[in-house]
1. Filter the range 61-85 down to residues that are over 12 Å from residue 6 (Cβ atoms) and at pLDDT 95 or above and give me whichever is surrounded by the fewest Cβ atoms within 10 Å (Cβ to Cβ).
2. Taking the condition exposed (fewer than 14 other Cβ atoms within 10 Å of the Cβ) and at pLDDT 95 or above, does residue 31 pass?
3. Please enumerate the residues belonging to the range 41-55 that are closer than 22 Å to residue 14 by Cα and either exposed (fewer than 12 other Cβ atoms within 10 Å of the Cβ) or in contact with a strand residue (DSSP E or B) (Cβ under 8 Å, 6 or more places away or on another chain) (or both).
4. Name the single residue that is modelled with the highest pLDDT among those in the range 7-28 being surrounded by fewer than 19 Cβ atoms within 10 Å (Cβ to Cβ) and touching a helix residue (DSSP H, G or I) at 6+ places or on another chain (Cβ under 6 Å).
5. Of the residues that make up the range 49-57, is at least one touching a residue at least 40 places away in the same chain (Cβ under 8 Å) and closer than 17 Å to residue 82 by Cα?
6. How many residues, within the range 10-52, are under 12 Å from the mean Cα position of the chain (by Cα) and in a loop (DSSP other than H, G, I, E, B)?
7. Please work out if residue 58 is exposed (fewer than 15 other Cβ atoms within 10 Å of the Cβ), modelled with pLDDT of 95 or more and touching a strand residue (DSSP E or B) at 6+ places or on another chain (Cβ under 8 Å).
């Protein structure tokens, strides 16, 4: 099953997603997708290094749907984390998707 790696930003508490270049993005569409244990091990090593550098905390894998397009978490909790606050679509990372820049 494809997966992405997520964490929280240490200074901001913002939900972040590990990208292809081992950076962290608040947008799940930027997330690096893994479908192998070897690739995920590499991603987790990057996550542990970011944790040791005091950049992120609470790092873990998220299962995503095996479908074309941007990563879409399978579990509702992770979908909510990916979209941001549920109070209004004009806040959080999803605001960009709704044109509220």
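The values are calculated or read from the model by the stated rules, or taken from the named source; none is laboratory data. The structure presented is a predicted model; accordingly, all values stated were derived computationally and were not measured. As a convention, Cβ positions derive from the backbone with ideal geometry for all residues, glycine included, and neighbour counts pool all protein chains shown.
1. 65
2. no
3. Across the range 41-55, the qualifying residues are 43, 44, 45, 46, 47, 48, 50, 51, 52, 53, 54, 55.
4. The residue in question is 19.
5. yes
6. Residues flagged as under 12 Å from the mean Cα position of the chain (by Cα) and in a loop (DSSP other than H, G, I, E, B) within the range 10-52 amount to 8.
7. Here the answer is yes, as residue 58 does meet what is asked.
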